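This report refers to the structure that appears directly beneath it.
The values are calculated or read from the model by the stated rules, or taken from the named source; none is laboratory data. Bear in mind the structure is a predicted one, so any value in this text is a computation, not a measurement. All Cβ positions, glycine included, derive from the backbone under ideal geometry; neighbour counts span all protein chains shown.
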């Protein structure tokens, strides 16, 4: 029987992804040959101590758990919106850690990002340079071997996520609202079809050399690409984050499961503090938490502002007045350039 939920929001990694039911017929993919999902050496959620910690301490709300599972079952991207500091990007690492999906593939979006950047990068100049170096090393009159295109091509985060892995990869497309206006629409076809072409490889392949070994994002591993075409097998768990700075086209929104994260309430915030500091907060940490919640009613604050203030309070021997003044400076409203009013 199918397991609901596959993602539970707990701290312990498990193989529940193996119990994920078959996709809807309109979201089934058949790419191949199947590839094994890579695993991190120490933690399958992240490749840095910061991301490992965030993944292990993330606390999901019941609504978050439900909508993550909806995205997993439907094989749809999860569009996560909300104010800064609500854990939008950390969610991808937490899900990857619990479901052992391997290292998270991360694509940080800027105003100059294009679909091509996410799929692959090809450097024709390095290929030309390599060909000249090889020719110079050959004896006079000896034809130099041709430098293959695959040696100068690397898949990007999106391109890697859509490889035919037997288990889904986790892909974080961070701050999609910073992109050029065309990028969300450009993503539509690739995420809908679960496939793409690499024209440079399509043109260079033939019946004698139909396969190219291509480097993937984040490692020096090479994977086979047949005739320049990539099609996924297990649709990746895709998290797109947005700070709500723009609206997206209806065609884009209807292809996503949408989750809006809110500032945590008092019980959720207390749970986050306990997770980060391994136990109940002391009296001053609780006082800071109460002040944070009170100030949050008047403007946007980020949870890590509170965590920073608690950490410094626990790690220093400053007198109470100095700690109070320091906390005031660490927890201004987001976007505020002036010193905030005392809280």
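Observations, loosely collected:
- Among (1) closer than 20 Å to residue 91 by Cα; (2) surrounded by fewer than 20 Cβ atoms within 10 Å (Cβ to Cβ); (3) at pLDDT 90 or above; (4) not assigned by TED's automatic domain parsing to the domain that holds residue 81 - the single one residue 306 does not satisfy: (2)
- Being within 15 Å of the chain's Cα centre (by Cα) and either not in a loop (DSSP other than H, G, I, E, B) or not assigned by TED's automatic domain parsing to the domain that holds residue 255 (or both) is true of residue 55.
- The set of residues from the range 206-232 being outside any strand (DSSP E or B) and surrounded by fewer than 20 Cβ atoms within 10 Å (Cβ to Cβ) comprises 206, 207, 208, 209, 210, 218, 219, 220, 221, 227.
- Verdict on residue 9 being outside any helix (DSSP H, G or I), under 27 Å from residue 307 (Cβ atoms) and at pLDDT 85 or above: yes
- Being at pLDDT below 90, on the phi > 0 side of the Ramachandran plot and exposed (fewer than 15 other Cβ atoms within 10 Å of the Cβ) is a property that residue 278 has.
- Being surrounded by fewer than 16 Cβ atoms within 10 Å (Cβ to Cβ) and at pLDDT 95 or above is a property that does not hold for residue 33.
- Residue within the range 133-154 that is touching a strand residue (DSSP E or B) at 6+ places or on another chain (Cβ under 7 Å), at pLDDT 90 or above and crowded, with 18+ Cβ neighbours inside 10 Å present: yes
- Residue satisfying condition, being assigned by TED's automatic domain parsing to the domain that holds residue 242, surrounded by fewer than 20 Cβ atoms within 10 Å (Cβ to Cβ) and either modelled with pLDDT under 90 or under 27 Å from residue 248 (Cβ atoms) (or both), within set 60, 45, 39: 39
- Contact map, the range 5-19: residues that are on the phi > 0 side of the Ramachandran plot paired with residues that are in a loop (DSSP other than H, G, I, E, B), Cβ distance under 9 Å, separation 6+ or inter-chain. Pairs shown: 9/58; 9/59; 9/60; 9/61.
- Note on the range 245-264: residues that are loosely packed, with under 12 Cβ neighbours inside 10 Å and closer than 20 Å to residue 61 by Cα total 1.
- Test: residue 179 is at pLDDT 90 or above and on the phi < 0 side of the Ramachandran plot: yes
- Inside the range 284-301, residues that are closer than 17 Å to residue 261 by Cα and surrounded by fewer than 19 Cβ atoms within 10 Å (Cβ to Cβ) make up a count of 4.
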